[in-house]
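Every number here is computed from the coordinates shown, using simple stated rules; none is lab data. Because the structure is a prediction, the values reported are computed rather than measured. All Cβ positions, even for glycine, are placed from backbone atoms using ideal geometry, and neighbour counts span all protein chains on display.
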Amino acid sequence: MAETDIDPPTANDLENELTALINKHSLNPTHTPSPTEGVTVHYEGDGWVWPWDHSTCDDKVRAMQAYHMDIRGWSDIAYNYLGCPHNYCYEGRGYDRRSSANGNEYANSVSFAVQAMWGERAGAKVPDNLKRAVRFGIDLLRSKGGASSKLHGHRDWKSTSCPGDELYEWVKQGCPLPYVAPPTPTIPTTPEECVFTLEELGTVIDQKLQKYTVADNNHDGQVIAWHVAAQAYASKRFAEGADFETVKNEVWNKISPLWS
């Protein structure tokens, strides 16, 4: 039988074959998302027993990636970002590729996916630092990926317990950042700590008002602000031998214009 010459594949042929191979998997990471449904929050099902050291988080992410690629046949880890309980956010597919984690073709095309590295076996309250890391991923997808403000739990798209009741309730609340109490101002107590002159006092008080006064101009915040500065100045003046009435008048003459 005579041999038949076979033309080698062209670059266009190879590109078409690659596209067909990728499209064979319905969860296509190269497809540009249209994230009108924002971001969907997930967790790792059974997960791991908490606590664990942060040094193991890299390996956990790599293990998920290997499972998704080698066992599920996807071209990358399913999530766009992953947040760990130590307040670190890992990049998965990033902000310019659709996820393959949301459970169906439509959900993957309209919503990014962020995984909370948590699960049922953790056996503890979800740490605030985990929420902060997940929220960081959400904010990245909004600012760089064009995700809308909508939020979902995985269970919104399919029948599943993911992302667990506590995280799902947090999602329904809008994934708020955990509250961090502002530091308590320290009132100087020694002459060495009291560095304000009378001329500087008004400026210092004004700066402290801006720092400590809360958004609704809470009166208590203002009192704390000028009290810190006033006591610093007064302590210095007392150390210099000034009497109470003199210092009181000096301080009041400086701060009274702020309320005029």
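Annotation: for a label point projected 7 angstrom from Cα along Cα→Cβ of L177, residues of segment 68-96 with backbone N closer than 16 Å are 87-89.
Report note on the peptides 135-141, 238-244, 124-130, 46-52: ranked by the mean count of other C-beta atoms within 10 Å, highest first, their order is 135-141, 124-130, 46-52, 238-244. Ranked for footprinting exposure by Cβ neighbours inside 10 Å, fewest first, D58, D76 give D58, D76. Dividing the Cα radius of gyration of segment 27-172 by its Kirkwood radius returns 0.93 for Rg/Rh.
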